[in-house]
Amino acid sequence: MSILHQVRFTTSAARLDQLPPPGPAEVCFVGRSNAGKSSAINVLTQQRRLAFSSKTPGRTRLINMFGIPDRLDPEQDIGYLVDLPGYGYASVAREDQSKWADVLGGYLRSRASLAGVVLLIDIRRGVTELDRKLSEWLAPTGTPVLALLTKADKLPYGQRIKAQAAVRKELAAIGALTTVPFSATHRIGIEEAAAHIENWILPKVAP
C-alpha cells in the first residue's frame, strides 16, 4: 500500500507563522483555483473527501497540511502533503490576491522542509502568466517540481505529448522539472505521480 493512502488531516493555517516548525519532508500542491488540485490530492491518497474544493473557486484561503503517519509509530508523521491556496481567480479582490501571493511566495522560497512542489496546470490552457511567476519564485531555490497536466483525458494522445513538450519548454528555468499528463477521473498518470511524491518523502534513489 502506498504511504500516500495513509494521509490524514493535520492542521490549517491562514499565515506562515501559524504553521508548525519545519520538520519532516513536505510536498506542496499549488496551481490555479480551477486546475483540479483537490481532485488530484484525493485520487492520489485514495480518499474521496480529504481535500475540499470550494463551490466558488478562489475562496479557499488556508494552507492545509496532511500528515503521513509512520507505520512503526503512528503518532509520528514521516512527511506531509501541503495544499496551498489556489491562485488567479478573476473575481477575487486584488488586495486578497496580493496577500495570497505573499503567502505562496514566502512558503515556496523559505520553507526549510519543502522537498518538492506539485504544480497543477490544466493541459488545455497550458502555462499561464501566474504559473510563470510561480516558476520564477521557484527557480532560484532549486526545489524540484512535478508538473501535473490535469484533465489530460480531454485531449487525444498526440496533443497531450505536444502540450507536455510546450510546458517543459516554458518552465525550463525551473531546472529540476518533471511533467506528467494527469487525469483524476480517467486515472491517467496516477501511479507515476504517486511514485515521484513518495520518493520526495522517503527517498529511495536520487530524484
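What does DSSP give for the chain in terms of the percent of beta bridges that are antiparallel, rounded to the nearest 5?
Numbers: 12 of 35 bridges.
Percentage antiparallel, nearest 5: 35.
What is the distance in Å between the Cα centres of the range 131-160 and the range 1-17?
Cα centroid to Cα centroid, the span is 22 Å.
Could you size up the charge dipole of the chain around its Cα centre, putting +1 on the beta carbon of Lys and Arg and -1 on that of Asp and Glu, and report it in debye to the nearest 20?
Values: 26 positive and 19 negative charges, 164 e Å.
Roughly 780 debye, rounded to the nearest 20.
So, by mean Cβ neighbours within 10 angstrom, what's the order for 112-119, 124-131 with the highest one leading?
Ranked from most to least packed, the peptides come out as 112-119, 124-131.
Keeping every protein chain in place, order H186, H196 by accessible area at 1.4 Å, biggest value first, i.e. largest first.
Greatest to least solvent exposure: H186, H196.
May I have the count of lysine pairs in the chain with C-alpha atoms under 17 Å apart, counting pairs 8 or more residues apart or located on different chains?
Working: K37/K55; K37/K151; K37/K154; K99/K133; K133/K169; K151/K162; K154/K162.
Within the chain, the lysine pair count is 7.
Give me the one-decimal nm value for the distance between modelled label points at R132 and A112, 7 Å along each residue's Cα-to-Cβ direction.
If labels sit at R132 and A112, their model points lie 3.5 nm apart.
Rolling a 1.4 angstrom probe over the protein chains, ignoring ligands and nucleic acids, what is the accessible area of K133 in square angstrom, nearest 10?
Its heavy atoms expose roughly 90 Å² to the probe.
Y87's amide H: which non-local residues (gap 5+, or another chain) put their own amide H closer than 5 Å, with H modeled 1.01 Å from N in plane and none for Pro or chain starts?
G31, R32, S33
Only four residue types carry charge here, +1 at the Cβ of Lys and Arg and -1 at the Cβ of Asp and Glu. Report the dipole size of the range 131-189 about the Cα centre in Debye, rounded to the nearest 20. Walk me through the intermediate numbers first.
Details: 9 positive and 4 negative charges, 41 e Å.
The dipole of the range 131-189 has a size of about 200 debye.
I'd like the FRET efficiency for A13 and A176, computed as 1/(1 + (r/R0)^6) with the beta carbon distance as r and R0 of 22 Å, rounded to 0.05.
Working: r = 27 Å, r/R0 = 1.21.
E between A13 and A176, to the nearest 0.05, is 0.25.
Can you tell me the FRET efficiency between R168 and L72 if r is taken as the Cβ-Cβ distance and R0 is 45 Å, rounded to the nearest 0.05? Mind dumping the intermediate values first?
Working: r = 39 Å, r/R0 = 0.86.
About 0.70, to the nearest 0.05.
Set Lys and Arg Cβ to +1 and Asp and Glu Cβ to -1, take the dipole of the chain about its Cα centre, and tell me which of P156, A40, P74 lies farthest positive.
Positive-end residue among those listed: P156.
The values are calculated or read from the model by the stated rules, or taken from the named source; none is laboratory data. Since we're looking at a predicted model, the values are computed, not measured. Glycine also receives a Cβ, built like all others from the backbone with ideal geometry; neighbour counts cover every protein chain displayed. Ligands, DNA and RNA are excluded from the accessible area calculation, which covers all protein heavy atoms including side chains. Shrake-Rupley method; radii C 1.70, N 1.55, O 1.52, S 1.80 Å.
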